[in-house]
1. In the stretch 165-182, which residues are under 16 Å from N78 (Cα atoms) and touching a Ser or Thr at 6+ places or on another chain (Cβ under 9 Å)?
2. Quick one: which residue in K120, K102 is within 17 Å of the chain's Cα centre (by Cα) and at pLDDT below 85?
3. Give the stretch 70-91 a look and list any residue that's open to solvent by less than 20 Å² (accessible area, probe 1.4 Å) and modelled with pLDDT under 85, or say none.
4. Within the stretch 135-187, how many residues turn out to be exposed (fewer than 11 other Cβ atoms within 10 Å of the Cβ) and of a type in the set (D, E, K, R)?
5. Residue pairs, Cβ under 9 Å, 6 or more apart or interchain, first in the stretch 181-210 and closer than 16 Å to R147 by Cα and part of a helix (DSSP H, G or I), second of a type in the set (S, T, N, Q) and open to solvent by 20 Å² or more (accessible area, probe 1.4 Å). List them.
6. Considering only the stretch 20-65, give the strands (runs of 3 or more DSSP E) lying wholly within it that have at least 1 residues that are without any contact (Cβ under 8 Å) to a residue 60 or more places away in the chain and open to solvent by less than 40 Å² (accessible area, probe 1.4 Å).
7. For the stretch 135-174, name all the residues that are assigned to a helix (DSSP H, G or I), of a type in the set (K, R) and more than 14 Å from T28 (Cβ to Cβ).
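The values are calculated or read from the model by the stated rules, or taken from the named source; none is laboratory data. Bear in mind that the values here come from a model prediction, so they are computed numbers and not experimental data. Cβ: placed from backbone, ideal geometry, glycine included. Neighbour counts: every protein chain shown. SASA here: full protein model, heavy atoms, side chains in, ligands and nucleic acids out. Shrake-Rupley method; radii C 1.70, N 1.55, O 1.52, S 1.80 Å.
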Amino acid sequence: MTYNEDYQKVAERQAIFKKEFSTHKITTHLLDTCVIDGKHQVIIKCEILNGSGKVVATGIASEREGTNNINKTSWVENAETSAIGRAFRALGIGDNENYASKEEVSNAKEKLGTVEKKEKVSKGKFLTEKAKKNTKKLDLSFITDDRKVSDLKKIADGLKMFGITRLQLTPAFKRYDHEGKYKDLAEFMVTMPTEELKTFITEYVVNNKK
């Protein structure tokens with residue numbers, strides 16, 4: 001299966017998710033990032049939360065830079081897409097071959113109080129703690145005091161090296177700026193004091209502070 005085919009299947013499942021589980025939310029988290037034989041590798045976890053904020057399904061995926069054509073430039077996005085797809089399947093939306101039928105969605109709704117198998121949950125907890133211990137190793141020196149809108153791509157590329165994408169930044173930003181001090185994420189990334197921005201990235205994005 002190609003990346004585009006897999007991405008399309010996840011997009012189809014997401015359309016069903018938005019329709020059938022409108023009160024639920026999707027979040028993704030970087031669990032681990034490392035360099036193996038000169039190639040970056042990331043492990044990303046997706047969590048699906050119900051309207052009460054309870055995790056009802058999870059999915060974990062790992063990708064390494066350069067292992068296929070898409071991973072030459074987008075290994076982080078590929079891992080994130082795979083993690084979301086696995087979480088959808090854990091919720092009951094789709095399987096390895098096709099997306100959800102009416103019966104699958106119905107069965108999923110009956111299992112909202114479940115999560116993935118215990119071994120995946122245990123692995124996720126272990127990797128999350130490992131990521132937290134390695135927080136001090138994040139080199140955020142590319143975030144300087146003199147930031148402009150034109151610098152956003154450079155910042156985004158720098159964060160991507162640690163497996164941090166806009167999909168993770170957006171919900172973290174909403175939690176952090178719950179009073180609506182900033183117009184949007186772009187303004188937030190440009191005007192926020194440098195040290196405060198670095199703290200936001202390590203605490204609210206990497207460590208998923210609520």
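1. Selection gives T165, L167, Q168.
2. Going through K120, K102 in turn, the sole match is K120.
3. N71
4. Qualifying residue count, the stretch 135-187: 11.
5. Pairs that qualify, where the first residue is closer than 16 Å to R147 by Cα and part of a helix (DSSP H, G or I) and the partner is of a type in the set (S, T, N, Q) and open to solvent by 20 Å² or more (accessible area, probe 1.4 Å), are L185/T170; T194/T144.
6. 39-49, 55-64
7. K136, K137, K153, K154, K174
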